[in-house]
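The values are calculated or read from the model by the stated rules, or taken from the named source; none is laboratory data. Small disclaimer: the values here were computed from a predicted structure and weren't measured. Methodologically, a virtual Cβ is constructed for each residue, glycine included, from the backbone with ideal geometry; neighbour enumeration extends over all protein chains shown.
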Amino acid sequence: MADPRCGFIALIGAPNAGKSTLVNALVGSKVAIVTPKVQTTRALLRGIAMEGEAQLVLIDTPGIFAPRRRLDRAMVTTAWVGAHDADIVAVLIDAKKGLDDEAQTLLGKLDEVRQPKVLILNKVDLVEKERLLALAQAANEKARFDATFMISAIKGDGVADVRQWLAQHVPEGPWHYPEDEVSDAPLRQLAAEITREKLYLKLHQELPYQSTVETETWTERKDGSVRIEQTIYVERESQRKIVLGKAGQSIKAIGEAARRELAKIIDKKVHLFLFVKVREGWGDDPERYRQMGLEFPKE
Ligand SMILES: Nc1nc2c(ncn2[C@@H]2O[C@H](COP(=O)(O)OP(=O)(O)OP(=O)(O)O)[C@@H](O)[C@H]2O)c(=O)[nH]1
Ligand SMILES: [Mg+2]
């Protein structure tokens, strides 16, 4: 048997490039939430994949963009911290969007990243081949990459090649996690994230960005089911009304979708109770950042 290998791979890229989709595809199960909206991922999350004797610890990061609010700054900082702490950095670019301002800025900052870097052009299912080759060339002129991949994270095309390359390039060394573990996040956190995903899918404009979800209690019951209570924090009373919806229709749909998915993931019956609370300025409350696993930026 070959010696074990193990390493940390940070996936960085602009919001919506498909980082979380790729983490899920590499891991082979859903550990990170995915939505069509930008800025879905807020904190670092480790997904764990096995490939032969190699354990790949994939670090899903928030998208890198020009931050405005305090929460945005915390997210972008945490993404770069993820990159600097990793053994390998994978840079995702949305091939459909190409080298737009966000991608250019990101590529320009890669000089500071010392680790081996791979370029991953994602969403190739949406783009013609000639454009892809031109894009790969242009990106490689802007930054130095050790390898380039063209994939569709959503369809799985090219994902096995990425996994194999990473397995060959992570350092030799013992595994950090048990072989059957898929994520380092506790179930309570995954549960909060699943509810946040449904919120993002159901609500629009600024609302998703002005809300956060926390799991308050998680109780295993004698009959084998789980009772989970969560709080959705919003900024204003008017937002609370929208989250609840007419006659509570909206919160009911969010809760039902979250409950169903959670039950599937943990393979138990789930009783999910959602509460919506107004916490004005939660985006400036250090405790909310601690709950999310983010550093609280001083300003
Ligand atoms: N067509 C297509 N869509 C994709 C592909 N990969 C991801 N998507 C879609 O792109 C959107 C964003 O995907 P995410 O995985 O949430 O992107 P992300 O980079 O994690 O985004 P943030 O967490 O906001 O930074 C979702 O609607 C995905 O379904 C792909 O290969 N092809
Ligand atoms: Mg994400």
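Annotations for the structure displayed:
- Filtering segment 206-230 to residues that are exposed (fewer than 15 other Cβ atoms within 10 Å of the Cβ) and small (Gly, Ala, Ser) leaves GLY224, SER225.
- Restricting the search to helices (runs of 4 or more DSSP H) fully inside segment 38-148 and requiring at least 1 residues that are under 16 Å from VAL162 (Cβ atoms) gives 129-142.
- For the residues ALA25, ALA32, the requirement of being out of contact with any Phe, Trp or Tyr (no Cβ under 8 Å at 6 or more places or on another chain), buried (at least 21 other Cβ atoms within 10 Å of the Cβ) and part of a helix (DSSP H, G or I) singles out ALA25.
- Residue list for segment 14-60, restricted to those being within 9 Å of ligand 2 (Cβ to nearest atom), closer than 16 Å to ALA90 by Cα and not β-branched (Val, Ile, Thr): PRO15, ASN16, ALA17, GLY18, LYS19, SER20, LEU45, ASP60
- Looking only at segment 178-194, and only at residues there that are touching a residue at least 24 places away in the same chain (Cβ under 8 Å) and not in a helix (DSSP H, G or I), the one that is nearest to ALA43 (Cα to Cα): ALA185
A quick yes/no check of all residues on (1) buried (at least 18 other Cβ atoms within 10 Å of the Cβ); (2) under 30 Å from LYS252 (Cβ atoms); (3) not aliphatic (A, V, I, L, M):
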{"residue": "ALA134", "(1), (2), (3)": "no, no, no"}
{"residue": "ALA143", "(1), (2), (3)": "no, no, no"}
{"residue": "LEU166", "(1), (2), (3)": "yes, no, no"}
{"residue": "GLN189", "(1), (2), (3)": "yes, yes, yes"}
{"residue": "LEU199", "(1), (2), (3)": "yes, yes, no"}
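- Unmet requirement for LEU201, which otherwise passes all of (1) touching a residue at least 12 places away in the same chain (Cβ under 8 Å); (2) touching a strand residue (DSSP E or B) at 6+ places or on another chain (Cβ under 8 Å): (2)
- Condition check for ALA10: buried (at least 20 other Cβ atoms within 10 Å of the Cβ), touching a Ser or Thr at 6+ places or on another chain (Cβ under 9 Å), at pLDDT 95 or above and in a helix (DSSP H, G or I): no
- Odd one out for SER20, checked against (1) under 11 Å from the mean Cα position of the chain (by Cα); (2) near ligand 1 (Cβ under 7 Å from one of its atoms); (3) farther than 29 Å from PRO174 by Cβ: (3)
- The set of residues in segment 41-94 that are farther than 23 Å from PHE145 by Cα and within 11 Å of ligand 1 (Cβ to nearest atom) comprises THR41, ARG42, ALA43, LEU45, MET75.
So that you can scan it fast, the table gives a plain yes or no per residue for (1) at pLDDT 95 or above; (2) more than 20 Å from VAL34 (Cβ to Cβ); (3) out of contact with any strand residue (DSSP E or B) (no Cβ under 6 Å at 6 or more places or on another chain):
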site	(1), (2), (3)
SER211	yes, no, no
THR217	yes, yes, no
ARG227	yes, yes, no
THR231	yes, yes, no
GLY245	yes, yes, yes
ILE254	yes, no, yes
ALA257	yes, no, yes
LEU274	yes, yes, no
GLU287	no, yes, yes
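- For segment 275-291, the tally of residues that are within 23 Å of THR219 (Cβ to Cβ) and in contact with a Ser or Thr (Cβ under 7 Å, 6 or more places away or on another chain) stands at 2.
- Screening the candidates ASP101, ASP87, ASP94, ASP125 for the property of being over 30 Å from GLU172 (Cβ atoms) and touching a Gly at 6+ places or on another chain (Cβ under 8 Å) yields one hit, ASP94.
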